[in-house]
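Report on the following structure.
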Amino acid sequence: MGKPLLRVGLIGSGFMGRAHAFAYATAEKVFDLPFRIRLAVLADATPEAARAGAEALGFDASTADWRAVAEGEDVDVVHVTTPNALHAEMAIAALEAGKPVHCEKPLAPTLAEAVRMAEAAERAALPTQVGFNYLCNPMVRLAARMIEDGAIGAVRTARFVHAEDYMADASVPWGFRHDPVGGGVLADLGSHALATAEFLLGRVGRVLGDCVTVIAERPAEGGPRPVVVDDVARAFLRFVSGASASLEASWIATGRTMQHDFEIHGERGAIRFTQERLNELHLYLTRDPDGLRGFRRIEAGPAHPPYGRFCVAPGHQLGFNDLKAIEIAGFLDAVAGQAPAAFPFSRGARIQALVEAVARSSAMGVWTEPG
């Protein structure tokens, strides 16, 4: 009871808003958080939606005015889980009101807005977090440690894929993800793949992109509406380290509901991972004797922190919302000044720079350096 109280404000109660609320409920039980948590105020587009969200998720109050969360005196930290085009105004308002901010990815629809958000965070000198919770997976962190420790030798090549099928049906209506400003699969899913690529292999020096619109129009009020954003985005990446990689993002990958994969090839071994089996990492080592070489499965367990906080038994598995709880716990450590922010707005702006570099490269047909 000696811990300070932290009053949480949430803007948006859709899929990701709910994930944030669930993550707080889990993190408070699983981790020794530096705060006592109160879910204080939830804002949504209408009073009815806000009231329903607050009642379902356990918030004390609701409002249809997002500024009541971003600037309200009864809120200490702000979570922004609204459509991408709304992120910048809301997050900057909260930072200027002196509140740390957790914002979902992509950070903003354009690099210019993402940079404004990063600069606002720097001016405010407050912790920020961008919602790349796949990077909180103990297996992904294990892969990063093995690469850094040289377990597979110098990395030569890699492949990264993030593919889903929620836009595969041409009858899915036109929505905010199809908006030409910041829309498309490159920003929506490609940002995850790009974040993973730099998390594992370091800075990307240049890119060659190819973005394709497959479904040319979508149903909308008043009749079909043209689609100009990409349904599939591919890129070749050249890393500063000298490694190279291919990357693909697709939201029309029929049959795929959550494929976030990577395969890393080094001079002495390889690592592969798929989010479809997110509690496993596969390792190949060339030093194994002839006849016994092959990818071995490493199963998530208490030896891979913070898995043991969730379950004492290996093989019982973590899930998507558990990764969000790990992310929230890290964010709160940063808010308390106990650790640096894991993925602050400055890194979110960097990913947006890569997104726009791939898009520019696709339009120009040449290798391009991130801005």
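The values are calculated or read from the model by the stated rules, or taken from the named source; none is laboratory data. Everything quoted here is computed from the prediction, not taken from an experiment. A quick note on method: Cβ atoms are made from the backbone with ideal geometry, for glycine too, and the neighbour counts reach across all protein chains shown.
Criterion first (modelled with pLDDT under 95 and either among the aliphatic types (A, V, I, L, M) or over 14 Å from the mean Cα position of the chain (by Cα) (or both)) does F176 satisfy it? Yes: the conditions hold for F176.
If I filter segment 213-234 for residues that are polar (S, T, N, Q) and over 17 Å from L354 (Cβ atoms), do I get at least one hit? Yes, because at least one residue in segment 213-234 is polar (S, T, N, Q) and over 17 Å from L354 (Cβ atoms). Across segment 6-39, the qualifying residues are those that are part of a loop (DSSP other than H, G, I, E, B) and touching a residue at least 40 places away in the same chain (Cβ under 8 Å), and the one among them that is surrounded by the fewest Cβ atoms within 10 Å (Cβ to Cβ) is G14.
Residue-level check: of (1) out of contact with any Ser or Thr (no Cβ under 9 Å at 6 or more places or on another chain); (2) in contact (Cβ under 8 Å) with a residue 60 or more places away in the chain, R277 misses just (2).
Scanning segment 262-292 for residues that are of a type in the set (D, E, K, R), more than 17 Å from A193 (Cβ to Cβ) and in contact with an Asp or Glu (Cβ under 8 Å, 6 or more places away or on another chain) returns a single hit, E280.
Among the strands (runs of 3 or more DSSP E) confined to segment 234-325, the ones with at least 3 residues that are in contact with a Leu (Cβ under 9 Å, 6 or more places away or on another chain) and modelled with pLDDT of 95 or more are located at 244-250, 259-266, 269-274, 296-299. Entry remark, segment 159-189: residues being among the aromatic types (F, W, Y) and part of a helix (DSSP H, G or I) number 1 in total. Exactly one residue among A216, A233 is touching a Cys at 6+ places or on another chain (Cβ under 8 Å) and among the small types (G, A, S), and that residue is A233.
Determine if segment 97-113 includes at least one residue that is in a loop (DSSP other than H, G, I, E, B) and without any contact (Cβ under 8 Å) to a residue 12 or more places away in the chain. Within segment 97-113, not a single residue is in a loop (DSSP other than H, G, I, E, B) and without any contact (Cβ under 8 Å) to a residue 12 or more places away in the chain. Kindly indicate whether L189 is modelled with pLDDT of 95 or more, over 28 Å from A21 (Cβ atoms), of a type in the set (A, V, I, L, M) and assigned by TED's automatic domain parsing to the domain that holds A349. Criteria not met by L189. Screening A40, A56, A64, A23 for residues that are touching a helix residue (DSSP H, G or I) at 6+ places or on another chain (Cβ under 7 Å), closer than 21 Å to I328 by Cα and at pLDDT 95 or above leaves exactly one candidate, A23. Evaluation of V229 against the conditions (1) β-branched (V, I, T); (2) under 20 Å from the mean Cα position of the chain (by Cα); (3) surrounded by fewer than 24 Cβ atoms within 10 Å (Cβ to Cβ) shows that the sole unmet condition is (2). Just one of the listed residues (E198, E221, E148) is acidic (D, E), modelled with pLDDT under 95 and more than 18 Å from N84 (Cα to Cα), and it is E221.
For G17, the requirement of being at pLDDT 95 or above, at positive phi and within 23 Å of the chain's Cα centre (by Cα) is not met. Only a single criterion out of (1) within 28 Å of E267 (Cα to Cα); (2) not in a helix (DSSP H, G or I) is not satisfied by L126, namely (1).
Only one of L278, L285 is surrounded by 13 or more Cβ atoms within 10 Å (Cβ to Cβ) and touching a helix residue (DSSP H, G or I) at 6+ places or on another chain (Cβ under 9 Å). Can you tell me which?
Values: L285 fails: touching a helix residue (DSSP H, G or I) at 6+ places or on another chain (Cβ under 9 Å).
From the options L278, L285, the qualifying one is L278.
Counting the residues of segment 303-319 that are surrounded by fewer than 16 Cβ atoms within 10 Å (Cβ to Cβ) and touching a Phe, Trp or Tyr at 6+ places or on another chain (Cβ under 9 Å) gives 2.
One residue alone among E89, E119, E113 is of a type in the set (D, E), out of contact with any Ser or Thr (no Cβ under 6 Å at 6 or more places or on another chain), surrounded by 20 or more Cβ atoms within 10 Å (Cβ to Cβ) and outside the structural domain of F262 (by TED's automatic domain parsing), and that residue is E113. The residues in segment 142-158 that are in a helix (DSSP H, G or I) and free of Cβ contacts under 8 Å to residues at least 60 places away in the same chain can be counted, and the count is 3. Of the residues screened, E73 is one that is free of Cβ contacts under 8 Å to residues at least 40 places away in the same chain, farther than 23 Å from F310 by Cβ and charged (D, E, K, R).
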